[in-house]
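The numbers here are math on the coordinates, done by the rules we state, and not lab data. Here the structure is a predicted model, which means the values were calculated and not measured. We place every Cβ from the backbone using ideal geometry, glycine too, and count neighbours over all the protein chains shown.
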Amino acid sequence: MPTRRTVLTATASVLLLQAVEAPMSVAAPTAGSLAAAVAVGWQRTAARTIFVEGGSAPPLGGLYLSFTSLAVHEAALQGQRHGTHAAAAAVARAAHDVLLEYFPLSRSALDADLVTTLAMVPDGVKKDTGLGIGAAAAAAMIASRVGDGRNDPQYVYTRTAALGVWPAAAVPGGMVLPWLGFVDPVVDVPPVDVAGPDPITSSAYATDFEEVRMLGATAVTDRTAEQTAVARFFGGNPVLTYRNALCDLLAGEPLGLVPTTRLFARIDAAVASSFIQTWRLKYEVGFWRPFQAIAAAAADGNPGTNPHPVAWASLVPTPNYSEYSSGHAAATSPFAEVLRQTLGDDTALVLSSGGVTRSYDTLSALEFDAFNARIWGGLHFRRAMEDGYHLGHTTAGRVMTAVR
């Protein structure tokens with residue numbers, strides 16, 4: 001894991017990734033692997049529904065993925081008791097019903113995918129039993145999220161401009177998803193203790209300030225071409241990118257039904273939990289972004305921060321919420337940690353974003369690039385990345401204990 005002032009090395013090799021826009025396809029699995037293949041196929045459908053058709057931002061999409069994956073895992077646990085055919089039907093129906101509840105405009109595509117799945121399951125009592133189990137798991141999840149705080153209008157970010165503050169007027173429309181930090185948890189795990197940003201008059205802040213000032217602008221001389229490429233690559237939707245890569249991995253190296261649904265449930269619950277705490281921090285701490293800090297360097301009271309000689313803008317566009325802690329870390333670190341504890345750090349993944357493919361031989365190598373990309377892209381100070389990774393890794397461990 002990247003730690004403060006630590007430099008790791010990353011290795012890469014080339015593999016293949018299937019695009020999420022492709023319709024769900026489960027290629028003639030054997031009877032024993034049918035349910036696991038269906039589970040992976042419906043994860044592709046969930047990604048397509050939530051991000052491609054639904055247009056959800058990563059934090060909101062991560063929340064809906066957790067609803068889907070937790071319901072599917074419950075359906076798998078119940079369905080497996082009745083055999084593979086019941087389990088396959090249960091998994092498909094649970095995913096279909098949860099996604100339809102929150103994305104009704106995708107009904108035609110979801111119904112077609114359900115028909116495709118059920119065509120592989122022989123008609124009979126097992127299939128009917130599985131469909132009932134899946135419908136019940138979905139209904140229970142949907143009922144549990146009624147009144148959970150989603151879209152609650154009482155949460156409006158109102159901080160005004162000051163040294164060290166990301167003000168509400170920083171962008172038109174204010175903070176994105178201000179309610180997310182107050183939504184009901186998806187799994188009952190405690191929040192993680194984090195230190196908060198370094199004081200803007202501290203030497204630690206000055207060190208981080210100079211790093212992002214020298215490496216994160218649109219035009220700099222110290223950032224390498226590879227660092228620029230990495231920063232731009234990880235400027236896309238990390239939740240979708242990681243989901244695609246994991247589905248491809250499991251399609252080639254199946255785990256079996258319950259290990260597959262448990263893996264997705266743990267990842268998605270850990271990511272959603274990390275997003276919820278991160279958004280609470282963004283709302284309550286409201287720390288300024290590098291572009292604001294650099295513009296105010298002459299007035300911040302820190303002799304170690306140097307004004308930039310020309311107007312400074314981040315390489316990657318700045319999102320509409322405050323800096324601390326990192327939302328990208330909330331997507332990356334719990335994903336990597338759950339996968340690391342399940343399959344090992346040497347799990348090779350292929351990521352695709354914006355038509356570019358990057359391959360990683362280890363999860364540590366992936367985390368190294370994702371971590372530093374947000375500094376090289378000019379979006380974060382190092383402290384926000386370190387605390388974000390601590391938050392995500394710790395949350396992942398807690399979720400893995402809670403989700404069985």
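Observations, loosely collected:
- Where only DSSP H runs of four or more residues are counted, the chain gives -17500 deg cm²/dmol as its mean residue ellipticity at 222 nm, each run worth -39500 (n - 2.57).
- Label separation (VAL115 vs MET214): 6.2 nm, computed from points 7 Å beyond Cα along the C-beta direction.
- Shape category assigned to the stretch 115-201 from the gyration tensor of Cα positions, a/c cut at 1.5: prolate
- Taking other Cβ atoms within 10 Å as a rough exposure proxy, TRP312, TRP179, TRP288 sort from fewest to most as TRP179, TRP312, TRP288.
- Helix 363-376 axis, angle to the chain major axis (alpha carbon atoms, nearest 10°): 40 degrees
- Annotation: extensible slack from ALA143 through GLN341 equals 68.1 nm (criterion: 0.36 nm per residue apart, minus Cα-Cα distance).
- Cβ crowding within 10 Å, taken as a proxy for footprinting-reagent exposure, orders GLU284, GLU367 from fewest neighbours to most as GLU284, GLU367.
- Helix 34-47 and the longest principal axis of the C-alpha atoms of the chain enclose an angle of approximately 40°.
- 33 Å tail of the calculated P(r), the chain, as % of Cα pairs: 32 percent
- In degrees, nearest ten, helix 125-144 long axis to first principal axis of the chain (Cα): 30 degrees
- GNM top mover of VAL183, VAL258, VAL115 - the chain, alpha-carbon springs below 10 Å: VAL115
- Inter-label distance for ASP222 and LEU163, nm, one decimal - labels placed 7 Å from Cα along Cα-to-Cβ: 2.3 nm
- Taking the fewest neighbouring Cβ atoms within 10 Å as the starting point, the ordered list for THR260, THR218, THR318, THR45 is THR218, THR318, THR260, THR45.
- Annotation: average projected area of the stretch 30-145 is 6.3 square nanometres, based on the convex hull of Cα atoms across all directions.
- Compared with the direct C-alpha span, the chain from ARG280 to ALA311 gains 8.0 nm at full extension, assuming 0.36 nm per residue.
- Here the dipole of the chain is about 200 debye; that uses its Cα centre as origin and unit charges on the Cβ of Lys and Arg (positive) and Asp and Glu (negative).
- Gained length - ASP184 relative to ASN151, 0.36 nm times residue gap less alpha-carbon distance: 10.7 nm
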